[in-house]
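The block underneath contains the structure these notes are about, expressed in structure tokens.
Quick note: the coordinates plus some simple rules give every number you see, no bench work behind them. Values in this document were obtained by computation on a predicted structure and should not be read as measured data. For neighbour counting, all protein chains shown are included, and Cβ atoms are generated from backbone atoms with ideal geometry for every residue, glycine included.
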Amino acid sequence: MIKLKQLIYLFLLISFSCKNTTQKDTVNNMAIASAFVDAFYSFDSDSLHAVLSEAEASQPEILYYQKWAECGHYEVLQRDSHFVKNDSTVIFPITVKDDLMGALHIDFNVTDTFHIVIRDGKIRSVKTSSNDPDEYYDAKEWVKEHRPEYIEKACEGIWEGGPTPCECVQGMVKGFHAIKEQETTAPSP
């Protein structure tokens, strides 16, 4: 009977210890993910680079995207719905107002979602996804087809650490404005 009580006590002790470690890791991972978002939207590439020091494969895309967001005048509207997906991944949606939707005259604020993988207290990778509306993708295709001079050179290496993210997003915004100008000056049928 004593051995059974000792086993139960040992089991409870181990379970409680694991639960506390998991809760501590969860809180720590949330803080690390929040620090990433702070660094991203500070528009300070050195800060972001430091936060991504152990996520080398993610650096080209994320550093490029940071500059794109800065030059597209991303303004954070909401950032409080983040959650832990599993023991190593934090999902961090950020709703922003930006020049791209403004140029298209779309009353829509995009939510970019960062999928942040954290192990041993370090960010190991970051991926992004977005809920851009179909009008955005249609407009990008229109610019590629009708105003390629706005983006061809400027968008070389897009999302792979290309050298001109500012010129790329600004070219895209200029192209989006061209779509709207064309719509307003096109003769009525």
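Here is how the numbers come out for the structure above:
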read-out: Local electrostatic count, Gly102, Cβ distance below 11 Å [Lys/Arg +1, Asp/Glu -1]; value: -2
read-out: Table column - 3J(HN,Hα) (Hz), region 124-133, Karplus curve with 6.51, -1.76, 1.60, x for Gly and Pro; value: 9, 6, 9, 10, 10, 9, 8, 10, 3, x
read-out: Environment charge of Val117, counting only residues whose C-beta is closer than 9 Å and scoring Lys/Arg +1, Asp/Glu -1; value: +3
read-out: Ranking of Ile116, Ile91, Ile151 by count of other Cβ atoms within 10 Å, fewest first; value: Ile91, Ile151, Ile116
read-out: GNM top mover of Pro60, Pro93, Pro165 - the chain, alpha-carbon springs below 10 Å; value: Pro60
read-out: Net lengthening on full extension, His73/Ala35 (0.36 nm per residue, minus Cα-Cα); value: 11.6 nm
read-out: Cβ-based exposure ranking for Tyr64, Tyr41, in which fewest neighbours within 10 Å come first; value: Tyr41, Tyr64
read-out: Rounded to 10°, Cα long-axis angle of helix 134-146 versus longest principal axis of the chain; value: 40
read-out: Other-chain or far-sequence residues with amide H under 5 Å of Ile118's (modelled H); value: Thr89, Val90, Arg124
